[in-house]
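K.L.:
Sharing a structure, written as C-alpha cells. Questions coming.
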Amino acid sequence: LANRNANNQLAQEAAEIRPVHVFLAAFVPAAVAAVYLSLRPRAVYMVDYACFRPSPGLRVPFAAFQEHASTCVDERSLRFMVRLLERSGLGEETCLPDAQHYIPPERDLESSRDEAELVVFSAIDDLLAKTNVSGEDIDILVVNCSLFAPTPSFADMVVSRYKLREDVRSVHLAGMGCSAGLISVELARNLLQVTPGGSNALVVSTETITPNYYMGKERAMLLPNCLFRIGGAAVLLSTNSRNARFRLARVVRTLTGAKDGAYRCVYQEEDDRGNVGVNLSKDLIVTAGDALRANITAIGPLVLPASEQLLFALSYVARKVVGSSRIRPYIPDFRTAFEHFCIHAGGRAVIDELQRSLRLSDEQVEASRMTLHRFGNTSSSSVWYELAYIEAKGRMRKGDRVWMIGFGSGFKCNSAAWECIRPPAALDGPWASCVHRYPVDVPDVLKH
C-alpha cells in the first residue's frame, strides 16, 4: 500500500510538470553555451607574410654613402656619420629609396609617394600571390607608417590599387614608431573579433625614408640617416585556420610615455636652423631596457612555465622584504618559453642590450644581427625580415614558438607570441638569393 501511494504521488507530480518547464530546462543550458561561445575570443591565425625585396640598383655601399653624404653635410658631421656607420652593424648591401640616390636627395611629396607605392604594392603583390587571396576577400586593412602620412592615406592607397570592397574596415596608424607593426597586428586581431568568422585582415608595415633625410648638423639627429633603410612587409591574418602557417598566441603592449625622458627619447623636431629630423636620445638604450623589463613582467605570466614563474615570484617577494638594493632581480629564462626570437633590428646596441638582458645565445639573436647587416633598420617591418631569415635557414618546426619584440617612440615595447602550425613549403622571400652567405662575421669596427 505504501509503494502504491508513492507511485501515485510521483505520477501526480509528473503530471503537474508543465511544458514550459521542459522548454526552460533544455533552452537555458543551450543559451548559456551559445553566449559563452559567442563571447569567447576567436583564435587568430597568420596565413602568410611577404617582405619587400629591394632591387640591387638601390644598394648603398659604404663608399657610395660617404660620397653622397659629403654633398649634404659638413665635414665634421660627415666624419661622425662614417664612424657611426663603421660601428653600426650594417653591411654593404643595405638599400635606400631611389630619391636618396640623387644629389642632393629628393624629399618632395611625389618622390615620397613613389617609394611608398613601390614598397607597399610589391609586398602585397607577393603576399596575394602566395595565399591565392584577392582584394575582394579582404575584410580589414591596417597600415602603419610613422613619419609620412599623406592624404589620401596609405590605407586609401591600398583600397584604390586593389579595389577592396566598400565595406572594408581600413585604418592608417601614424607616429607610432618602430613597434607599430605589432600594434597593427593587435588592432587587426581585435577587429577580427567583431567581424564574421573566417574574415581576413591585411596588415602592412613600412617606413617611408624619402622625406626624412636630415640635412643639419645635430649628431643625435644624424643617427637615423645612418641606420634606417628601405623596407616593408605585408601580413594576412584570419580567423579561418585553413592554410594558416602560424597561430597568434599573445600580444602584450607596454607604454612608458608617462615619464618625460621616455616620451622624448625618440622625438621629431626642428634644429636651430629649421631642419626637421628625429632626435635619438643618448638614453635610448637605458629607456629601451626599462620598457623591456615592464613588458617581460607583463608577458611572463602568460607564456613562462610554472617553474620560471615561481622563481620570478620568489625573487620579487624577496626584493620587497629584504630590499631591492641587496638582491638582484631574477630575469626569467624565456628560452624555456620560445624557440625563436625576433628582436627589432634597431641597431647593434639595442640587440646587444636585449641579448644581455634575456641571456640569449649568439644563435638566438642571429636573425636580428643578420637582418641589420643585410637590410639595415627597416623600422616596424624588421621583425618580419627576421622571421623570414629563421625560416630561410630551415630552423622552423611545427609547434615552435616565436617571440617578436618591437621598440618604438613613445616609448613603447610591444611583444607578439606565435606558434608555428606549418613551416614554409619552399625557400622564398627576401633571403632567397643570399641566405647561403649567412651568417657572416660582423666586426666591432668595419674597415673599408
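The values are calculated or read from the model by the stated rules, or taken from the named source; none is laboratory data. Note that the structure is predicted; figures quoted are calculated from it, not measured. Cβ atoms come from the backbone with ideal geometry, glycine included; neighbour counts cover every protein chain shown. We work out accessible area using only protein heavy atoms, side chains counted, and drop any ligands, DNA or RNA first. Shrake-Rupley method; radii C 1.70, N 1.55, O 1.52, S 1.80 Å.
K.L.:
For a quick check, take a GNM of the chain with Cα springs below 10 Å and name the residue from Phe334, Phe246, Phe52 with the largest mean-square fluctuation.
P.N.:
Per the Cα network of the chain with a 10 Å cutoff, Phe334 tops the list.
K.L.:
So what is the 222 nm mean residue ellipticity for the chain from helices alone, if each DSSP H run of at least 4 adds -39500 (n - 2.57) and you divide by all residues, rounding to the nearest 500 deg cm²/dmol? Walk me through the numbers before you get to the answer.
P.N.:
Values: 14 runs with 183 residues, N = 448.
Taking each H run of at least 4 residues, the total per residue is -13000 deg cm²/dmol.
K.L.:
Please work out the Cα center distance from the stretch 363-402 to the stretch 136-201, rounded to the nearest Å.
P.N.:
Each part reduced to its Cα centre gives a spacing of 24 Å.
K.L.:
Right, here's the next one. For the chain, take the longest principal axis of its alpha carbons; what is the angle in degrees between that and the long axis of helix 348-358, to the nearest 10 within 0 to 90?
P.N.:
Orientation of helix 348-358: about 40 degrees from the principal axis.
K.L.:
When all C-alpha to C-alpha distances in the stretch 70-190 are sorted into bins of 10 Å, what percent of pairs does each bin hold, rounded to whole numbers?
P.N.:
It works out to 11, 32, 32, 17, 7, 1, in whole percents.
K.L.:
In square nanometres, what is the average projected area of the Cα convex hull of the stretch 178-331?
P.N.:
On the way: hull surface 53.9 nm².
Over all viewing directions, the stretch 178-331 projects a mean Cα-hull area of 13.5 nm².
K.L.:
Averaged per residue, what accessible area in Å² does the chain show with a 1.4 Å probe, protein chains only? Display every interim value, and only then the final one.
P.N.:
Details: 21160 Å² over 448 residues.
Spelled out: the 1.4 Å probe surface of the chain, per residue, equals 47 Å².
K.L.:
For the pair Thr336 and Asp283, how long in nm is the line joining their label points, each one 7 Å along Cα→Cβ?
P.N.:
Output for this residue pair reads 3.4 nm.
K.L.:
Multiplying the sequence separation of Arg293 and Tyr267 by 0.36 nm and subtracting their Cα-Cα distance, what value in nm do you get?
P.N.:
Details: separation 26, 0.36 × 26 = 9.36 nm, distance 2.19 nm.
Value of the extension gain: 7.2 nm.
K.L.:
Still on this structure: Rounded to whole Å and sorted largest first, list the principal axis extents of the Cα atoms in the stretch 315-440.
P.N.:
56, 30, 27
K.L.:
Just to confirm my numbers, what's the Cα centroid distance between the stretch 294-319 and the stretch 321-341 in Å?
P.N.:
The two parts, judged by their Cα centres, are 7 Å apart.
K.L.:
If we sort 173-185, 411-423, 249-261, 83-95 on the protection proxy, mean other Cβ atoms within 10 Å, highest first, what's the order?
P.N.:
On the way: 173-185: 24.7, 411-423: 21.7, 249-261: 15.5, 83-95: 20.0.
Answer by packing, highest mean first, reads 173-185, 411-423, 83-95, 249-261.
K.L.:
May I ask for the angle, rounded to the nearest 10°, between helix 109-131 and the longest principal axis of the chain, with both axes built from Cα atoms and the value confined to 0 to 90°?
P.N.:
Tilt relative to the chain: about 40 degrees.
K.L.:
Okay, moving on. Report the far tail of the P(r) of the stretch 406-448, meaning the percent of Cα-Cα pairs longer than 12 Å. Mind showing how you got there, number by number?
P.N.:
Numbers: 713 of 903 pairs.
That fraction is 79 percent.
K.L.:
Another question, if that's okay. Could you tell me what a quarter of the Cα convex hull surface of the stretch 68-140 works out to, in nm² with one decimal place? Write out the running numbers ahead of the final one.
P.N.:
Details: hull surface 30.4 nm².
Projected over every direction and averaged, the Cα hull of the stretch 68-140 covers 7.6 nm².
K.L.:
Give, in nm to one decimal, the length gained when the segment between Glu166 and Arg397 is fully stretched (0.36 nm per residue of separation minus the Cα-Cα distance). Let's see the in-between values first.
P.N.:
Details: separation 231, 0.36 × 231 = 83.16 nm, distance 3.92 nm.
My answer for the length gained is 79.2 nm.
K.L.:
Between Asp428 and Asp74, what length in nm is gained on full extension when 0.36 nm per residue of separation is reduced by their alpha carbon distance?
P.N.:
Working: separation 354, 0.36 × 354 = 127.44 nm, distance 4.24 nm.
Here the segment from Asp428 to Asp74 would lengthen by 123.2 nm.
K.L.:
Here's a follow-up. Cα axis of helix 2-16 to longest principal axis of the chain: angle in degrees, 0 to 90, nearest 10?
P.N.:
50
K.L.:
Quick check: pseudo-label points 7 Å beyond the Cα along Cα→Cβ at Val322 and Val276, how many nm apart are they?
P.N.:
Taking the two extended label points, one gets 5.3 nm.
K.L.:
Who wins for biggest fluctuation among Pro329, Pro430, Pro61 in a Gaussian network model of the chain, springs between alpha carbons below 10 Å?
P.N.:
Pro329
K.L.:
Limiting things to C-alpha atoms, what are the Rg and the maximum Cα-Cα separation (Dmax) for the stretch 144-236, in angstroms?
P.N.:
That works out to 15.6, 54 Å for Rg and Dmax.
K.L.:
Which percent of the accessible heavy-atom area of the chain goes to carbon and sulfur, probe 1.4 angstrom? The partial results should precede the final answer.
P.N.:
Details: 11330 of 21160 Å².
Of all accessible area on the chain, carbon and sulfur atoms account for 54 percent.
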